[in-house]
Amino acid sequence: MRLLLINPRFPESFWSFKWAVDKVLPNKRTLNPPLGLATLAGLCPANWEVEIVDENIESIPLDPKADIIGICGMGIQFKRQEELLTFYRKRGHFVVAGGSYASLCPELYECLADSVVSGEAEYIWPEFCRDFEAGSPKKLYHETGTVNLKDSPVPRFDLLKLDKYQAVSLQFSRGCPFQCEFCDIIVMFGRIPRTKTMEQVGRELDLLRKLGVRNAFFVDDNLIGNKRQAKDLMAFLRGYQETHDHRFCFGTEASLNLAQDDELLELFRDAHFQWVFIGIESPDEASLRETKKLQNTRQDILASIRNIYSHGIEISAGMIIGFDNDTMETFEKQYQFVTASGIQAAMIGLLTAIPKTPLYERLKKDGRLITEASGQDNCKLGTNIMPKQMGYDEMVSGYRALHHRLLTHRNIADRIKNKIRYLTNPVDVPYYSWGERISIPWKLFVHGLRPGGIRAVYHFVRSIPFLRPKLIPLVIQDWIVGLSMRDYVDRHFVQEFEKTNQLTHDYVRSIEDAFQHDLQHGVLEVSLNQVKNAAANLSITIKGLMGHKFFIRAAHHLEKILQDTTSSITLHIEELHEGQIQHLNRLLKRLSRYGDRIRIAVNDKAKTVAVHIDSSVFHLVLKAS
């Protein structure tokens, strides 16, 4: 059996760190690989041929030689997952849907896939494999029991292009003991943490070591959900690191009560955990109690953060605005807290109601859900709930303004200084070569600081702890994080779409003047689609033979639009000849850094000349013949 597993492209968000990946980090395409697909591959029969394609780093095959195509997806990937399932199914492939969103909402996939795998895969995926080999696969495989993680295989890391990722994912536990109202983790994995054995973790680390990995991320939703088991893991990792010359640098997710256990913090440091992501959500105790985040109310949050810093561990954080207790004053509270805490990667989102969570059910009952809104990405200028103590539009405006305040060069520097006042002796496991480590600060200066002018350079210099040189790599890292988030906000959190759309409209008139001859002869069509409170979309259709000068001039005009506005472009290629391919490729190469804002649709007539569009760079519109 030939199985193709696909991880769909993620739409850009804060979590993408696109600017950092594109401009600064050497030879990386994205942050983390699809651990779920690697685990699934490990559950397949030994005689199956398995291939994993991650569309975030490589283009999908349009005509794969596969008996089964399995496509995973989180909620934020659902639209692309739907496109891929529909495309491959119409082309005659047997398609299987899985992943966290199919586990949460399997009903959404009934008409999209031949089979749906809903829930943890350790038992139900081998069942599907047996059924498929017997010629009788079921429509739904739904795990309703409790999976013992001792039955989880070593993931097929060898099927992943690990050098393209910033860090490689592994997992120790599933489940979380807490009951945050907005969270879907306890819905899917329960409140009793289950863990792998130390021997399993060791086998995974052995394989990663052989594959040359140094930077690893435990993707557990709460690695310390069971503190006793977490301490056993840390003790094991400490010994493993000592045996293997401290090969790895680790990061993970944990709850804030980590700060209340100095023994555990020491073990984290000894195991060489460099950073931890913590769901802080709010500095307001009333909001925390409202959402049942009681574990964050047991000690002063700033004191907790500084205690973690004192053990040399960096913190990233999730923050939320939009709880029933929140008012417009909440934005100032969040600003003051994030600044004082020194947290650079503060992922502030608007409260979003995820299906099947207690929050979703409560707001649905109260009539406060916005059913037509997407609830899959809480880092956009919108959400699917109506706030209780502020207007929806003023909440969105306050959210936008908060990010613009936090991401000034001054505030980036202030946060760094507030952090390093408490962070001592950080873990430093170099996972880049010396050449790469030298190139990163230079790229930061060229692409990040120099464009910001003297002010940016001044704030960078004042944030450098010259008397504590061990902290300088951390300062550089924080500037990369801050400038990457600033770049995202500048491009996506636009204050007035009308102004940027008018600029696009002016550019379109220039395009129409430049290509008047082609437009009059019907070989080119140009139209501008505008929607209120959204970026405009420029649609260009190539319908006939175009000379090389067209592609050169078109590249200039389109690059100008993408550089100066927030508009997107849809390129329809209805007809293309062999001689035009190299010119089209040059056009696309020039526009590739804006690829997330470019949709490309190629019809069957054009496909006959072997047009290849890299779907990991551009949004390739899929149409099955």
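The values are calculated or read from the model by the stated rules, or taken from the named source; none is laboratory data. Note that the coordinates shown come from a computational prediction; the quantities given were computed from them, not determined experimentally. In this analysis, Cβ positions are derived from the backbone assuming ideal geometry, glycine residues included, and neighbour counts consider all displayed protein chains.
Please enumerate the residues belonging to the stretch 202-232 that are of a type in the set (Gly, Ala, Ser), closer than 13 Å to Phe172 by Cα and in a loop (DSSP other than H, G, I, E, B).
Gly225
If only residues of the stretch 110-136 that are among the charged types (D, E, K, R) and either part of a loop (DSSP other than H, G, I, E, B) or modelled with pLDDT under 95 (or both) are counted, the one that is nearest to Met1 (Cα to Cα) is Asp114.
One residue alone among Arg228, Arg214 is more than 18 Å from Glu281 (Cβ to Cβ) and free of Cβ contacts under 8 Å to residues at least 12 places away in the same chain, and that residue is Arg228. Among the numbered conditions (1) at pLDDT below 95; (2) touching a Leu at 6+ places or on another chain (Cβ under 7 Å), the only one that Asn384 does not meet is (1). Scan the stretch 385-409 for residues that are within 23 Å of Arg491 (Cβ to Cβ), in contact with a helix residue (DSSP H, G or I) (Cβ under 9 Å, 6 or more places away or on another chain) and not aliphatic (A, V, I, L, M) and jot them down. Of everything in the stretch 385-409, those that are within 23 Å of Arg491 (Cβ to Cβ), in contact with a helix residue (DSSP H, G or I) (Cβ under 9 Å, 6 or more places away or on another chain) and not aliphatic (A, V, I, L, M) turn out to be Gly398, Tyr399, Arg400, His403, His404, Arg405, Thr408, His409. Of the residues making up the stretch 352-378, those that are under 17 Å from Asp326 (Cβ atoms) and crowded, with 20+ Cβ neighbours inside 10 Å are Thr352, Ala353, Leu359, Leu363, Asn378. Ser255 meets all of the listed conditions (1) small (Gly, Ala, Ser); (2) in contact (Cβ under 8 Å) with a residue 60 or more places away in the chain; (3) surrounded by fewer than 21 Cβ atoms within 10 Å (Cβ to Cβ) but one, namely (3).
For the stretch 137-164, a residue qualifies if it is under 19 Å from Ala216 (Cα atoms), in a loop (DSSP other than H, G, I, E, B) and among the charged types (D, E, K, R), and the qualifying residues are Arg156, Lys161. Checking Phe445, Phe466 one by one, the residue that is among the aromatic types (Phe, Trp, Tyr) and either exposed (fewer than 12 other Cβ atoms within 10 Å of the Cβ) or within 20 Å of Glu12 (Cα to Cα) (or both) is Phe466 and no other.
Screening Asn529, Asn501 for residues that are modelled with pLDDT under 95 and buried (at least 19 other Cβ atoms within 10 Å of the Cβ) leaves exactly one candidate, Asn501. Do the conditions hold for His577, that is, is it surrounded by 14 or more Cβ atoms within 10 Å (Cβ to Cβ) and not acidic (Asp, Glu)? So His577 does not fit the description; no. Restricting Phe178, Phe182, Phe157 to those that are within 20 Å of Phe236 (Cβ to Cβ), modelled with pLDDT of 95 or more, among the aromatic types (Phe, Trp, Tyr) and not assigned by TED's automatic domain parsing to the domain that holds Ala97 reduces the list to Phe157. Is it the case, given these coordinates, that Lys356 is in contact (Cβ under 8 Å) with a residue 12 or more places away in the chain, outside the structural domain of Gln241 (by TED's automatic domain parsing) and touching a helix residue (DSSP H, G or I) at 6+ places or on another chain (Cβ under 9 Å)? No, not satisfied. Lys365 meets each of the listed conditions (1) over 30 Å from Asn411 (Cα atoms); (2) in contact with a Phe, Trp or Tyr (Cβ under 9 Å, 6 or more places away or on another chain) apart from (2). Among the residues of the stretch 176-213, the one identified as under 21 Å from the mean Cα position of the chain (by Cα) and not hydrophobic (A, V, I, L, M, F, W, C) is Asp184. Listed by position, the helices (runs of 4 or more DSSP H) contained in the stretch 397-481 that have at least 1 residues being touching a residue at least 40 places away in the same chain (Cβ under 8 Å) and in the same structural domain as Thr339 (by TED's automatic domain parsing) are 409-420. Figure legend. Inter-residue proximity from the stretch 506-518: first residues in contact (Cβ under 8 Å) with a residue 40 or more places away in the chain, second residues among the polar types (S, T, N, Q) and surrounded by 12 or more Cβ atoms within 10 Å (Cβ to Cβ), beta-carbon distance below 8 Å, spacing 6+ or different chains. Indicated pairs: Tyr507/Thr565.
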